[in-house]
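Report on one structure; see the data block that follows.
The values are calculated or read from the model by the stated rules, or taken from the named source; none is laboratory data. What you see is a predicted model; the values in this text were computed from it and never measured. Here the Cβ positions follow ideal geometry from the backbone for every residue, glycine too, while neighbour counts run over all protein chains shown.
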Amino acid sequence: MELAELGLDRGLAAEQARCESGQRLARVTAVDRGRYVVRDQHGEVPAELTGKFLYTAASSVDMPCMGDWVCVQYHDADTHASIHDLVPRRSFLRRKSPGKNVDFQMIAANIEVAFIMQSCHFDFNVRRLERYLVMVNEGHIEPVLLLTKADLVSADELARMVANIRAAGITARIITLSNVTGEGVAQVKEMVVPGKTYCLLGSSGVGKTTLINLLLGQGDLETREVSGTGEGRHTTTRRHLVVLDNGGLLIDMPGMRELGILSAGEGLDDSFADIMALAGRCRFADCSHSNEPGCAIRKAIESGGLNAEHYQSYLKLKAESDFNEMSYLDKRRKDKAFGKHVRAVLKEKQK
């Protein structure tokens, strides 16, 4: 495959000059617990980070992730490689690290479209959908919503789900999908074009691997039987890039149980654009939307023009993002102070 077929566009190609002599541009096609696989026009090989890369990386954001373009040096007849540099990302997916650790976790990069999948039968949740949209919008990726297993609900139930999504101010394209009847699969195929990168996001069991097999036209990826409730079983165990027959590039990844929000101001504004527009019409620029006269948001809620649960979801996500950002900045300050202390001790010992 040529690099353009792996997703290298003109903007990214201009960054190729950052690779030093003896290095080549390659794309990260798999990540598994700190181990990498990279691919260029000659094929895929395992790769590891150089000591210099590890030393200069200031945070987890600076580490390569699935879909990144990197400068690599090949060794032993191109059987393995060392990663020397990271090309600036055009787009990205990231979240707060799972658990109590307040840090970013990079998920994937250089993606054009994110297919956000929710099952109509067991997984449908507008509030979780809003979290996915914040993450996608923050990373400058186009969202498309796939409502899977549409054959397991009635037409009226499906219509109510779509209405609930629109009531939450979500304007992204919606495709209803059935891996049993094939409904919606052709629409997804039409969206996937050669040289562009797409990803699948959603909980375990919503049908991500089954959809990939339908797009591939063959059953290459392992799937598991659904449970008695219609809920699928977890199959994908690591992030990897799949090249489709038509030349499209699709990133599959395990289902994410935690979708913590960290420093997502721009993503929140884009995901809740209806609330931002109303806030701009308040009488006072610093309106807290609680008891001030002329508050456009309170007026919209009282008149039924703004869904109260949608607004409460915005407040919750904003508070979570702000709190985690303060904790993250405090952690970074402490890390820098500790590093400065270590350097001072080492310098004193060298005297």
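Taking first residues from region 243-256 that are crowded, with 16+ Cβ neighbours inside 10 Å and partners that are part of a loop (DSSP other than H, G, I, E, B) and basic (Lys, Arg), the Cβ contacts under 7 Å between residues at least 6 apart in sequence or on separate chains come to Gly248/Lys196; Leu249/Lys196. In region 298-327, the residue that is surrounded by the most Cβ atoms within 10 Å (Cβ to Cβ) out of those that are of a type in the set (A, V, I, L, M, F, W, C) and under 16 Å from Leu133 (Cα atoms) is Leu317. Considering Val192, Val185, the condition of being surrounded by 14 or more Cβ atoms within 10 Å (Cβ to Cβ), hydrophobic (A, V, I, L, M, F, W, C), in contact with a helix residue (DSSP H, G or I) (Cβ under 6 Å, 6 or more places away or on another chain) and modelled with pLDDT of 90 or more is satisfied by Val185 alone.
Just so you know, in region 92-109 the residues that are assigned to a loop (DSSP other than H, G, I, E, B) and touching a Ser or Thr at 6+ places or on another chain (Cβ under 6 Å) include one that is modelled with the lowest pLDDT, and it is Val102. Tell me, please, whether a residue that is of a type in the set (A, V, I, L, M, F, W, C), touching a residue at least 60 places away in the same chain (Cβ under 8 Å) and out of contact with any Lys or Arg (no Cβ under 8 Å at 6 or more places or on another chain) can be found in region 67-86. No: region 67-86 contains no residue that is of a type in the set (A, V, I, L, M, F, W, C), touching a residue at least 60 places away in the same chain (Cβ under 8 Å) and out of contact with any Lys or Arg (no Cβ under 8 Å at 6 or more places or on another chain). Among what's in region 163-221 and is part of a helix (DSSP H, G or I) and basic (Lys, Arg), pick the residue that is farthest from Gly255 (Cα to Cα). The qualifying residue farthest from Gly255 (Cα to Cα) is Arg166.
Please find, among Val45, Val31, Val38, the residue that is modelled with pLDDT under 90, crowded, with 18+ Cβ neighbours inside 10 Å and in contact with a strand residue (DSSP E or B) (Cβ under 6 Å, 6 or more places away or on another chain). It is Val31.
In this entry, Arg89 passes the filter for residues that are at negative phi, within 20 Å of the chain's Cα centre (by Cα) and either part of a loop (DSSP other than H, G, I, E, B) or not assigned by TED's automatic domain parsing to the domain that holds Lys334 (or both).
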